Amino acid sequence: MKIIMLGAPGAGKGTYAKGIVEKYKIPTISTGDIFRQNIKEGTELGKKAKGYMDAGELVPDELVCDLVVDRLEKDDCKNGYILDGFPRTIPQAEALTAALKEKGTGIDFALDIEMEDQAIIDRMAGRRVCAKCGETYHAVNIPPKAEGICDKCGGNLEIRDDDQPETVKKRLGVYHEQTAPLIEYYRTQGILHEVDGNLGLKGVNNKIYEILGE
Ligand code: AP5
Ligand code: MG
């Protein structure tokens, strides 16, 4: 099962991907997480990506496409995967379609998590991320058991560098301009499923499982 998570920054792509991983036992590939890991490790890729990310802009396509296509070759992707945050532009989607076509395969589901910008802005103010393992929480909606501490690994919870309100607004603008056209791209391919992102964690997860099937 090959799945793409579409949706604006903060719509919950990473959160819902986690539920899919547990239920369907396929890995998530989040380009945002890969970049953040590279920034933490101080790699060349991380150095190149950081400026764009902190400014709320997209990292150039040429730094993203090969990285993902190579990752899909790994053994753990044999039974499928969830792409979270990729593709994000039409050229990225075309590169993915072409790479998969070469292998005689394609994406099965494109899930678009729909939310209004204002609801996203309100929600992003509460996002907290573990500095050690990357687990995501929400200060009010999905809180950790002990304030400021990750349930999973005991690491400290932080606010992501690009979650400042001004940067969130910039990211939403970039989303509408460059990423939202993917909705039509995948509708045309006949694999688009729209999911109301306002249903609450359980409601959205259930809707997604209904679409993906058992
Ligand atoms: P990336 O890390 O992908 O960020 P994003 O798309 O902006 O999405 P987010 O991770 O911010 O949000 P999300 O939808 O995963 O929401 P979450 O589950 O956390 O990318 C970061 C940057 O990297 C980009 O800006 C770009 O520069 C670069 N980049 C990455 N991929 C790229 C690519 N392909 N091309 C070019 N550049 C790329 O949820 C948000 C919050 O809401 C959390 O606090 C969560 O706990 C809470 N929440 C979620 N669901 C619910 C619910 N149902 N009820 C209540 N609260 C909820
Ligand atoms: Mg995410």
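The numbers here are math on the coordinates, done by the rules we state, and not lab data. Since the model is a prediction, treat every value here as computed from it, not as a measurement. Quick reminder, even Gly has a Cβ in these numbers, built from the backbone with ideal geometry, and neighbours come from all protein chains shown.
The table that follows gives values for the structure above.
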read-out	value
GNM top mover of ALA95, ALA49, ALA146 - the chain, alpha-carbon springs below 10 Å	ALA146
Contact order relative to length of the chain, as percent, for alpha carbon pairs under 8 angstrom and 6 or more apart	29 percent
Under 18 Å from the Cα of LYS207 - aspartates and glutamates, other chains or at least 8 residues apart	GLU22, ASP84, ASP108, ASP112, GLU114, GLU194, ASP196
Radius 15 Å from Cβ of GLU41, net charge of other residues (Lys, Arg +1; Asp, Glu -1)	+4
Local electrostatic count at VAL195 - Lys and Arg +1, Asp and Glu -1, tallied over other residues with Cβ under 9 Å	-3
Span from the region 123-168 Cα centroid across to the region 39-99 one, whole angstrom	23 Å
Selected from ASP163, ASP70, ASP61 as most flexible by GNM, with the chain as the system and alpha-carbon contacts under 10 Å	ASP70
Viscosity 1.002 mPa s, temperature 20 °C, Stokes-Einstein D of the chain from Kirkwood C-alpha radius, µm²/s	121 µm²/s
Bridge type composition, the chain - antiparallel percent by DSSP, nearest 5	30 percent
Restraint check, LYS74/LYS170; LYS13/LYS101; LYS103/LYS152; LYS47/LYS152; LYS78/LYS132; LYS13/LYS50, Cα-Cα greater than 31 Å	LYS74/LYS170; LYS103/LYS152
Principal semi-axes in Å for region 95-214 [√(5λ), Cα gyration tensor, largest first]	30, 18, 16
